[in-house]
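Comments concern the structure below.
The values are calculated or read from the model by the stated rules, or taken from the named source; none is laboratory data. For clarity, every value in this text was computed on a predicted model and none was experimentally measured. Cβ placement follows ideal geometry from the backbone for every residue including glycine, while neighbour counts extend to all protein chains displayed.
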Amino acid sequence: MESVTLLECRRVTKRFGALAAVRDFSFSLRAGEILGLIGPNGSGKTTLFNVIVGIHSPDGGEVLYRGKSIAHLPPHEICRRGIAKTSQIIQPFSNLKVFENVLVAALYGRNLAMRQAQEETERILMSVGLDGLRDDPAGKIPFPLRRRLELGRALATGAEVLLLDEVMAGLTPAGVEEALEILKKIRTQGRTLILVEHVMRAVMGISERIIVLNHGEKIAEGAPEEVARNPEVINAYLGKRYA
Amino acid sequence: MAFGVMGVVNLSHGDFVMLGAFLTYWLFTLAGFDPFLTLPFSLIALFFLGFFLQRLAINRLVGAPPIMSYLLTFGFHLVLTNLALRVWTADYRTVKTSYSGLNLNLLGVVLPYSRLATFALAMVVILGLYLFIYRTEMGRAIRATAQDREMARLMGVKIFRIYTFTFALATGITGLAGSLISTTFVLYPQMGLPFTITAFCVVVLGGMGYIPGTLWGGMVLGVFESLTTTYLTAGISLALSFFLLLLILVIRPAGLFGKGIVE
Amino acid sequence: MTMSRHPLPSRYILFVLLTGGIILGTLPLFGLEGYRLRLLSLVFMWVALAGCWNMMSGYTGYIDFGPVAYFGVGSYGTAILMIKGGLPFFLSVFLSGWICAGLSLAVGLPTLRLQGAYFAIATFAAAEAMKQVILEWDGVAGLEFFGGAHGLTLPPAPPEVFFYYVLLFFMGLIVGLTALLERSKFGYGLRAIREAEQAAELSGVPTLGIKVRAYVLASSLIGCIGGVEAYWLTYIIPDDVFNVMRTIQMITMTLLGGMGTVLGPVIGASFLTLISEYLGAKFVYDYLIFVGGVIVIVILLLPQGIMGTVLRKKGWSR
């Protein structure tokens, strides 16, 4: 199966002061795949996402999307080109309605005209199950549903590549199942996903490939079963005794 | 200090200077107190004013965007300045003591005694503040709150009390400063605004929230203003000061030392 | 299909504007004149000014503390073009608007990258600097151009009614523009910036570009209005047209009426202008104390302003 390389990081490094949050990190993402990115807390996963999406500029290395460098572009430009992410700390447009929150993304991320953007927003709200709350101020909806709003916004941008940062944190097992279904559906619609997750069962279950980060460096890459058995990975999470 | 701890910007700052100065004036004129003796009065009176302002109003703004505190304190400024104008009229006033005109002649440079005393006392106050913030328990609590509010709260620091105290302290010292300058400057109700602006420039130059920076910021700005006023005009000096501020904000918002809080 | 549009549909706004326009437009024909005519013109001017400020700061949340700079530049620009250039009034105002556009672009590009609080300081500093420049330029450059502290005198003005209609036009223009803006893609971009700038950026909103556009638009219009006032007053001095109190009034009027709403500036400006006429006649300090008090009360008790609170109660978004 011939697959296009959508996203590529070559030896990406990002430092904050003396600390290298991401160091010499390289990987490539093929169209249509679901990649899981795991690692202990503080291993640099969110920073990596932030670099890819343009919030930070890499201090070293290259970030390529469909072959073109995106390393120093502003986030809105990267979003338009096709990469969107959800944030761990969700910032909804509080005083705007739920509908309008997603509408903004459809208008700007996808550059649709008002009428089409409104239609697209309807569709997306239904697919994430939020159309019942469409008229509520986004600041007032219950916390667990904010995640769906976040996802809705990311979807509305029309981005091909979605970086999902801990979208399943705090969900019940049933909620996790639901979320997995939504993710699979998204993939069939032609999008490519990178998932950062701590809910192991979920991320190991749905990902075709896993990359493990520790202290900003890649320590393992491969199919979920291989990675789970990798002594270095076990060491990183549980310490040497269990490796 | 107030900004660093609470993230609140106080645009009525200069008016506390004005109040302190006027307090000294009235004590001097009506009761014959030597200006330097009125210092404790200013400190305490304005401490309480700050205390009440904080409790009633400013504490409500802590989570809100800084803009709100700009607007609120600007509201205070309008009320304070114009109330003062209403009550005390716009006349200029001075505090002239028996030693006002006396100078010290040092190597050809004329140094008025009152200014020397003001300078000395100002240094004492700054030193005192520095020691307080860095060497006492309360000072530590204030610093902790400035660095990480949530952590400080979790460790048992009563945040709102710290806020109130910090603001009251800041106000008190500002009033003190007002009293100090009463011997050197002409007093009038609108005198507060230039001080607010200058204080602002000093703080931005030195780095917002970074206390040692204010010392340097003050000196840099003071020298800059003196030089430009002497060699150009006072008006141009003001314009240049603003350009300097603008420049710093755009190029180095964290101040000269890069240690300011850039939100 | 019920779309989640903004509460007041475009038809309604258009209706209000037209009827309002017709009523106000025909008032002079029914004998409105003298003091009352002037007062109403003043109200129109302040509604327009507050409305401009609202367009930028009310919707993006970036509080501009220096709009008076453009008012002053517009005034002086129009004055100089008319006096030294001999250009007709409307052309002068139009060109002044463009001068302000250029100037605000230069100021906005670097300062809008800063955080909101710093932007506020920067714009304030820029406005004060501009005032000083106009004040001192002649002295320093040895010219007789700006008139320094003595100001400039414009050609004699047409009768009051002229300005009534011009200002009515500007008021209508700005209120209408704001209404249009609110429903547009641009309006959503502005509000997204106000609500959560980084999230907006991540959703594809070109935040810097939008902020700059709003700032330039608002500033140019403020400049135009400044030009109108110059002709109206016939005599301008820096202390008046660059007076920071104008900024304060724009801000307070919008705050009171409701930032980020169409009718907010209308309510706030009308109310405060009328109060200022009543209070300011005796002691100008009284009015200022009142303004200060309004600011404090609004911030503490009614941060959404009058319209904002009304809209919120009805569950509509801002």
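Scanning segment A:1-46 for residues that are assigned to a loop (DSSP other than H, G, I, E, B) and surrounded by fewer than 18 Cβ atoms within 10 Å (Cβ to Cβ) gives A:1, A:2, A:3, A:4, A:17, A:18, A:31, A:32, A:33, A:40, A:41, A:42.
One line per residue, one yes/no per condition, for (1) out of contact with any Gly (no Cβ under 8 Å at 6 or more places or on another chain); (2) modelled with pLDDT of 90 or more; (3) more than 10 Å from chain B (Cβ to nearest Cβ):
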| site | (1), (2), (3) |
| --- | --- |
| C:78 | no, yes, yes |
| C:99 | no, yes, yes |
| C:105 | yes, yes, yes |
| C:111 | yes, yes, no |
| C:116 | no, no, no |
| C:134 | no, no, no |
| C:141 | yes, no, yes |
| C:144 | yes, no, yes |
| C:149 | yes, no, no |
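Listed here are the helices (runs of 4 or more DSSP H) enclosed by segment A:174-243 that have at least 3 residues being among the charged types (D, E, K, R): A:224-229.
Residue A:135 fails exactly one of the following numbered conditions: (1) under 19 Å from residue C:202 (Cα atoms); (2) within 12 Å of chain C (Cβ to nearest Cβ). What is the number of that condition? It is condition (1) that residue A:135 fails. With respect to residue A:125, is the statement that it is facing chain C (nearest Cβ under 7 Å), crowded, with 20+ Cβ neighbours inside 10 Å and without any contact (Cβ under 8 Å) to a residue 60 or more places away in the chain true? When the stated conditions are applied, residue A:125 does not pass them. Residue C:54 falls short on exactly one of the conditions (1) on the phi < 0 side of the Ramachandran plot; (2) out of contact with any Pro (no Cβ under 6 Å at 6 or more places or on another chain), and that condition is (2). Could we say that residue A:104 is touching a helix residue (DSSP H, G or I) at 6+ places or on another chain (Cβ under 6 Å), part of a helix (DSSP H, G or I), of a type outside the set (S, T, N, Q) and surrounded by fewer than 22 Cβ atoms within 10 Å (Cβ to Cβ) here? Against the criterion (touching a helix residue (DSSP H, G or I) at 6+ places or on another chain (Cβ under 6 Å), part of a helix (DSSP H, G or I), of a type outside the set (S, T, N, Q) and surrounded by fewer than 22 Cβ atoms within 10 Å (Cβ to Cβ)), residue A:104 does not qualify.
Considering (1) out of contact with any Ser or Thr (no Cβ under 8 Å at 6 or more places or on another chain); (2) among the aliphatic types (A, V, I, L, M); (3) in a loop (DSSP other than H, G, I, E, B), the lone condition that residue C:63 does not fulfil carries the number (1).
Restricting segment A:42-78 to residues that are hydrophobic (A, V, I, L, M, F, W, C) and in contact (Cβ under 8 Å) with a residue 24 or more places away in the chain, which is nearest to residue A:158 (Cα to Cα)? Write out each step before concluding.
If we filter segment A:42-78 for residues that are hydrophobic (A, V, I, L, M, F, W, C), which is where we start, we get A:48-49, A:51-53, A:55, A:63-64, A:70-71, A:73, A:78.
Those still in the list that are in contact (Cβ under 8 Å) with a residue 24 or more places away in the chain too: A:48-49, A:51-53, A:63-64, A:78.
On the way: A:48: 21, A:49: 18, A:51: 20, A:52: 17, A:53: 15, A:63: 20, A:64: 19, A:78: 12 Å.
Within segment A:42-78, the match that is nearest to residue A:158 (Cα to Cα) is A:78.
If the condition is being closer than 22 Å to residue A:115 by Cβ and more than 14 Å from every other protein chain (Cβ to nearest Cβ), then segment C:178-206 contributes only C:179. Restricting attention to segment C:181-219, the residues that are among the small types (Gly, Ala, Ser), surrounded by fewer than 24 Cβ atoms within 10 Å (Cβ to Cβ) and in contact with a Cys (Cβ under 9 Å, 6 or more places away or on another chain) total 0.
This table checks each residue for (1) surrounded by fewer than 12 Cβ atoms within 10 Å (Cβ to Cβ); (2) modelled with pLDDT of 75 or more.
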{"position": "B:94", "(1), (2)": "no, yes"}
{"position": "B:110", "(1), (2)": "yes, no"}
{"position": "B:126", "(1), (2)": "no, yes"}
{"position": "B:152", "(1), (2)": "no, no"}
{"position": "B:156", "(1), (2)": "yes, no"}
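Residues in segment A:84-98 that are under 25 Å from residue A:194 (Cβ atoms) and among the hydroxyl-bearing types (Ser, Thr, Tyr): A:86, A:87.
Might you let me know whether segment C:82-97 holds any residue that is within 14 Å of the chain's Cα centre (by Cα) and not charged (D, E, K, R)? Yes, segment C:82-97 contains at least one residue that is within 14 Å of the chain's Cα centre (by Cα) and not charged (D, E, K, R).
Among the residues here, residue A:89 does not qualify as β-branched (Val, Ile, Thr) and in contact (Cβ under 8 Å) with a residue 24 or more places away in the chain.
When each of C:313, C:211 is tested for being away from chain B (no Cβ under 14 Å), modelled with pLDDT under 95 and either more than 27 Å from residue C:38 (Cα to Cα) or in contact with a helix residue (DSSP H, G or I) (Cβ under 9 Å, 6 or more places away or on another chain) (or both), the lone residue that passes is C:313. Is it the case that segment A:115-130 has a residue that's more than 26 Å from residue C:186 (Cα to Cα) and part of a helix (DSSP H, G or I)? Scanning segment A:115-130, I find at least one residue that is more than 26 Å from residue C:186 (Cα to Cα) and part of a helix (DSSP H, G or I), so the answer is yes.
Going through (1) assigned to a loop (DSSP other than H, G, I, E, B); (2) away from chain C (no Cβ under 14 Å); (3) buried (at least 16 other Cβ atoms within 10 Å of the Cβ); (4) at pLDDT 90 or above one by one, residue A:92 falls short only on (2). Being crowded, with 21+ Cβ neighbours inside 10 Å, of a type outside the set (A, V, I, L, M) and at pLDDT 75 or above, is that true of even one residue in segment B:196-207? Yes, there is a match, as at least one residue in segment B:196-207 is crowded, with 21+ Cβ neighbours inside 10 Å, of a type outside the set (A, V, I, L, M) and at pLDDT 75 or above.
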